[in-house]
Amino acid sequence: MGTKGGLCWICKANKATSGEHAIKKSDIKLAFPEKQRLYFHTAEKKNIYIQGSNSVWLKPLKICPDCNNKRLQPYDKAWDAFSKNCLDQRTTETPASLWRKLPTKAQQQIRLFLLIKLGCITKRLQHDKLRGHTSNVKNILDQMSNGILTEKLPRSFYAEFLPPAPGLQTPNLEVLNKKNTNICMAVASGYNLPWVSIKVAFAVHTSAGLLNWMQTVHVSDLSS
Ligand SMILES: [Zn+2]
């Protein structure tokens, strides 16, 4: 399953040995402030009991320690601040209205945070959900990596707020794959907390057909 060895998909320089939380530890702590028993749901399993916010169940995504500890810090911080703000103000403001008040730089950092999560999930599930699409997966991860390293969001990244739902869910991966069209492939996932829920998607190529699919999965809003 590629748990050992393998290069970090972001920098492609160091070994991917650092466990990246699918849902941020800070978000888990916000959701369960008083050491309540924490159960998690994934697509395959329900009610997994979690010992603590460092449990391996919450860390299925691997990158290198350098990217995890240094490169991603500003994006993580921007997300933390936004997430906490969404939680604190959830009775009076929607995440979308709080988003519109953010400075452009913070918005860009949050988009990159979401792009990294989607990239990690794509990488993690490539042998499962994306079997047989090696070149498209490589293309997607290369574009994402390039976007993160240059701090420029790729054009074919989409994100949108969804109505938040109770509970924590590990993100699933949706795959669009149309043979015989020039759309080729797109992947979508989500970052879902009880107080803010965002759907993110990334396509190999943009085209009219892809935009139709994006509309059916309601993805468009947060994109620049
Ligand atoms: Zn790295």
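Rounded to the nearest angstrom and listed largest first, the equivalent-ellipsoid semi-axes of region 57-113 from its Cα gyration tensor are 25, 14, 8.
Net charge within 13 Å of PRO74 by Cβ-Cβ distance, Lys/Arg positive one each and Asp/Glu negative one each, not counting PRO74 itself?
Values: positive: LYS70, ARG71, LYS77, LYS105, ARG111; negative: ASP76, ASP80, GLU151.
Every neighbour counted, the sum reads +2.
Could you please report the charge total around GLU174, scoring K, R as +1 and D, E as -1 over all other residues with beta-carbon less than 12 angstrom from its beta-carbon? Mind showing how you got there, number by number?
Details: positive: LYS129, LYS199; negative: none.
Here the charged neighbours net out to +2.
Any read-out appearing in this document is the output of simple, stated calculations on the displayed coordinates, not a laboratory observation. Keep in mind the model is a prediction, meaning the values are calculated, not measured. With ideal geometry, Cβ positions are generated from the backbone for all residues, glycine too; neighbour counts draw on all protein chains shown.
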